[in-house]
Amino acid sequence: MQQRHEPADSLDYFPTPPWATRALCERLSLFSPLHLMHAWEPACGEGHMARPLGEYFAQVRATDIHDYSGTYRAQNGICNFLNPAEWPQDLRGKPERAPDWIVTNPPFRRGEEFVSTATAVARSGVAVLVRTSFLEGKRRYKSLFEPKPPTMVLQFVERVPMVKGRLQKTASTATSYCWIVWSAKIRQRTQFQWIAPCRSRLERPEDYSEDKESPDQSPLW
Ligand SMILES: C[S@@+](CC[C@H](N)C(=O)[O-])C[C@H]1O[C@@H](n2cnc3c(N)ncnc32)[C@H](O)[C@@H]1O
């Protein structure tokens with residue numbers, strides 16, 4: 001088993017079960033040609049979201065503020081997403097090289113800052129996986145949702161179990177999750193949609209293998 005290096009302070013590392021990312025990509029594919037596009041996962045951890053993104057997008061870039069070691073490390077740039085001065089050179093200052101989509105599961109306490117940073121950069125859109133309770137709150141409504149209404153909220157009907165520090169197939173959770181999507185192309189009032197049960201269809205045994213190979217898709221653009 002790979003040795004993991006947990007960050008000393010909590011960076012809210014909760015790996016995402018890959019089926020939850022496939023559910024998003026199926027939905028985005030209905031209006032955005034992902035197979036021709038670039039995605040950036042800016043809080044990638046050990047790549048549990050970046051890998052399934054690579055099944056749908058032409059290219060995926062994955063970075064994180066912390067080096068989690070493991071086989072995915074070589075693919076990552078290590079940088080603080082909230083400080084663009086730290087971004088890899090090729091991600092800075094060239095609008096034509098900007099990612100089409102930024103897709104991530106941000107650290108819970110920095111979710112709003114991630115959305116603001118991401119929507120300023122992504123050319124086609126931003127999708128964040130968050131606790132459904134992220135939709136609540138007067139302060140966040142005033143600072144985020146009122147000035148920048150999402151294009152859609154995709155609410156999971158099934159629970160998406162996430163465990164601190166590791167991916168666990170048998171985990172359960174009392175927490176509800178949704179994807180919130182801001183499209184840079186579609187102007188509409190916020191649409192609410194359910195993600196119908198899909199875990200059994202989108203989950204693969206290899207998703208839970210400890211010894212992951214690097215993705216076939218080129219991670220850089
Ligand atoms: C909820 S986990 C999600 C991990 C991965 N996206 C996934 O879905 O499996 C949050 C991740 O955000 C990273 N993170 C926290 N603060 C960050 C920052 N300022 N810039 C980049 N990554 C950050 C953590 O190291 C952690 O890997």
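The values are calculated or read from the model by the stated rules, or taken from the named source; none is laboratory data. If you're wondering where the values come from, they're calculated on a predicted model, not measured in any experiment. Counting neighbours? That spans all protein chains shown, and the Cβs are built from the backbone with ideal geometry, glycine included.
What to note about this one:
- Flag for His48 being at pLDDT 90 or above, within 12 Å of the ligand (Cβ to nearest atom) and buried (at least 23 other Cβ atoms within 10 Å of the Cβ): yes
- Residue within region 52-61 that is part of a helix (DSSP H, G or I), of a type in the set (A, V, I, L, M, F, W, C) and buried (at least 16 other Cβ atoms within 10 Å of the Cβ) present: yes
- Leu53 vs. criteria touching a strand residue (DSSP E or B) at 6+ places or on another chain (Cβ under 7 Å) and among the hydrophobic types (A, V, I, L, M, F, W, C): yes
- Looking across Phe108, Phe31, Phe57, one residue alone is within 9 Å of the ligand (Cβ to nearest atom), of a type in the set (Phe, Trp, Tyr) and in contact (Cβ under 8 Å) with a residue 12 or more places away in the chain. It is Phe108.
- Positions within region 75-105 being in a helix (DSSP H, G or I), surrounded by 13 or more Cβ atoms within 10 Å (Cβ to Cβ) and more than 10 Å from the ligand (Cβ to nearest atom), in sequence order: Gln75, Pro84, Leu91
- Any hit, region 172-181, residues being within 28 Å of Asn80 (Cβ to Cβ), within 16 Å of the chain's Cα centre (by Cα) and surrounded by fewer than 18 Cβ atoms within 10 Å (Cβ to Cβ): no
- Some residue of region 131-144 being of a type in the set (Phe, Trp, Tyr), over 26 Å from Gly47 (Cα atoms) and without any contact (Cβ under 8 Å) to a residue 12 or more places away in the chain: yes
- Among (1) crowded, with 18+ Cβ neighbours inside 10 Å; (2) under 20 Å from Arg22 (Cα atoms); (3) not aliphatic (A, V, I, L, M) - the single one Glu112 does not satisfy: (2)
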